[in-house]
Amino acid sequence: MGTVVRTIAGVVIELVTWFALGTIGFIGLRLEWPDYAAADKVFTATQSVLFDQSMLTARLSVAAAASIIAAWLAAFTLRDNRIAPLAGGLVLLALFIPNHIMLWDKFPLWYHLTFLTSLPVLAFLGGKLSRTQV
């Protein structure tokens with residue numbers, strides 16, 4: 001399998017894993033944290049943000065864990081591919097920038113910057129973790 005095909009396969013693995021883990025993580029937050037569930041329901045219906053700082057931090061934590069695990073899985077699956085995890089993080093960044101631009105005034109600046117910066121950085125680190133174990 002060529003490098004380009006392997007990289008594309010790794011990016012697909014990473015994206016699917018990231019969104020699956022994120023979905024599971026956010027469902028878990030809603031199930032276990034009634035106040036979060038209420039704030040999320042309002043946000044989904046009206047785009048009004050009622051999340052407090054602990055809720056925003058929990059959202060970032062879910063995204064961070066998803067980034068690291070998804071990049072690790074992509075790198076582990078491909079064994080020797082060093083490009084796919086970072087490429088997946090950059091694709092996630094490209095996918096989320098438009099959404100965060102639309103929501104720029106809804107969330108604090110630190111939230112946007114932390115989330116957007118973390119996507120490629122944690123993807124790179126997740127890929128590095130896999131390479132040290134293979």
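None of the figures in this text is laboratory data; all of them are computed from the coordinates on show. Quick caveat: nothing in here was measured; it's all calculated off a predicted structure. In this analysis, Cβ positions are derived from the backbone assuming ideal geometry, glycine residues included, and neighbour counts consider all displayed protein chains.
Going through the DSSP H helices of the chain, which span 15 Å or more along their own axis at the Cα atoms while scoring at least 0.0 as a mean Kyte-Doolittle hydropathy? Display every interim value, and only then the final one.
Values: long enough: 3-32 (42 Å, 1.40); 34-46 (18 Å, -0.08); 53-78 (37 Å, 1.41); 84-102 (28 Å, 1.66); 109-133 (36 Å, 0.59).
Those that clear 15 Å and a mean of 0.0 are 3-32, 53-78, 84-102, 109-133.
Among the listed values [x] 12, 43, 31, 12, 3, 0; [y] 14, 47, 31, 7, 1; [z] 13, 40, 30, 14, 3, the one computed from these coordinates for P(r) over Cα pairs in 10 Å bins from 0, in percent is [z].
So if I place +1 on the C-beta of Lys and Arg and -1 on the C-beta of Asp and Glu, and nothing else carries charge, what would the dipole magnitude of the chain be about its Cα centre? I want it in debye, nearest 20. Computed about the Cα centre, the dipole is about 420 debye.
Among LEU119, LEU90, LEU103, the largest mean-square fluctuation in a Gaussian network model of the chain (Cα springs under 10 Å) belongs to LEU103. Looking at segment 101-133, the trypsin sites (Lys or Arg not before Pro) that sit in a DSSP loop and have at most 16 other Cβ atoms within 10 Å of their own Cβ are LYS106.
Sorting the segments 16-28, 37-49 by their residues' average number of neighbouring beta-carbon atoms within 10 angstrom, most packed first, yields 16-28, 37-49.
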